[in-house]
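The next block holds one structure in the form of structure tokens; read it before the comments.
The values are calculated or read from the model by the stated rules, or taken from the named source; none is laboratory data. Predicted, not measured: the structure shown is a model, and the values here were computed from it. Here the Cβ is made from the backbone with ideal geometry for all residues, glycine too, and neighbour counts use every protein chain on show. Quick note on the areas: whole protein, heavy atoms, side chains included, nothing else; ligands and nucleic acids left out. Shrake-Rupley method; radii C 1.70, N 1.55, O 1.52, S 1.80 Å.
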Amino acid sequence: MAQANMTIRLDAGDKRTFSAICENIGLSATAAINVFVKAVIRDKKIPFELSTGSTAAPDDFYSEANIRHLEELKRLDDEGKLHFISKTMEELKAMEK
């Protein structure tokens, strides 16, 4: 398979950080870009996230605001003030019209 070069420009700090993260994952920056390109071609979308296992931002599901919301829903359910409605797919489709 013929090889081709691709030149990209990015912030020097971003390049250092990206290279360090790739190294922690066990890939060179070039190998990581090649994995990304192949996955995009295969899936025709941005298909995945590579990670060292730690994230800068916490999982949104476990955010303080969401936990408070879930606790409030549980309290309402415990008090009998929360009522769920179930609909069949046919009923939901009929509501769209």
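What to note about this one:
- Membrane-span-like helices in the chain, defined purely by DSSP H runs whose alpha carbon atoms cover 15 Å or more axially and whose average Kyte-Doolittle hydropathy reaches -0.5, are 12-25, 29-43.
- Modelled spin-label separation between Ser28 and Gln3, with each label point placed 7 Å from Cα along the Cα-to-Cβ direction: 0.8 nm.
- Two-site FRET efficiency, Phe36 against Ala94, from Cβ-Cβ distance with R₀ of 35 Å, rounded to 0.05: 0.20
- Using a probe of 1.4 Å on the protein chains alone, the accessible area found for Glu71 is around 110 Å².
- Solvent-accessible area of His83 with every protein chain in place, 1.4 Å probe, in Å² to the nearest 10: 140 Å²
- Structural descriptor for the chain: relative contact order 13 percent, calculated from alpha carbon pairs under 8 angstrom and at least 6 residues apart.
- Using alpha carbons only, the radius of gyration of the chain set against its Kirkwood radius gives Rg/Rh = 1.23.
- Inter-probe distance in nm under a simple model that places probes 7 Å from Cα toward Cβ, at Lys87 and Asn66: 2.5 nm
- For the chain, the solvent-accessible area with a 1.4 angstrom probe is 94 square angstrom per residue.
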